[in-house]
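The values are calculated or read from the model by the stated rules, or taken from the named source; none is laboratory data. Source: prediction; values computed, not measured. For neighbour counting, all protein chains shown are included, and Cβ atoms are generated from backbone atoms with ideal geometry for every residue, glycine included.
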Amino acid sequence: MDFRQLLGEPTGQTWVQLAELALAFILSASIGLEREIRQKSAGLRTYTLVGFSSALVMLVSKYGFTDILESGRVVLDPSRIAAQIVSGIGFIGGGLIFVRKDIVRGLTTAATVWLTAAVGMACGAGLPILAIAVTLSHFVVVVLAFPAIERRLPKSRWAPSSLQISYQDGRGVLREVLASCTRSEFSVSGVQVERDPSHEIGAARVAGQDTFGREEEAIGGGWAPQPKGIVTLRVEVRGAKSVARLAERLSEIDGVTSVHAGDANLSSD
């Protein structure tokens, strides 16, 4: 028996455990840094704390009760706290998932938080090779290989895409943009309009089915006439056709200054 147990002090407070905590800190922070750079709803601090604290809880489960163990009398199961981490982390993940109409946001972020907790648990359990392997796999899935594979998969007509369009205000461009989307066999599920803050103009957000052909309401119907300037329009569309081709058509509309296409990210994933 360890001499610290004879003195009534728990074991597991050596440089080995400190190294395991440090590894959990580094791996969790690396995952959090990637999510922070991509401006996701949970960032560097959240992921670092989740992985770091999970490692500590695992170490407490393994070594925190060694001072009360007696051979043949007191038996503890270290896996019980690991199971509670898996259950408890669901509360954090649940708070990151949002549902708007039929679109679910934040699933990837919630899954990554769960993965970070598992990485911390592996570090605390003394399984550094597994922890490093899973962290590297995260970057393969989220950053490197899988995004490229997803871009090459056939596009579902129900998958949303986003368009960011800048245009000159007061020229009826919004109506023409929405009409062009419809003519290209895309349905508009969301519109967000933001005027240039340098012109001291507010923003309005409306549903796509309510904005078609109603530019005055989309940009603030019932308000006093606004100064003309550059307006940023974010449109969420769904359709089986090429979004890049749609972006090209929209860029040809008179008054449109720029068009950028991408995945639907009106809310952070």
Quiz item: Only one of (1) surrounded by fewer than 17 Cβ atoms within 10 Å (Cβ to Cβ); (2) part of a helix (DSSP H, G or I) fails for G51. Which number is that?
Solution: (1)
Quiz item: Does L174 satisfy being at pLDDT 75 or above, assigned by TED's automatic domain parsing to the domain that holds A247 and surrounded by 19 or more Cβ atoms within 10 Å (Cβ to Cβ)?
Solution: yes
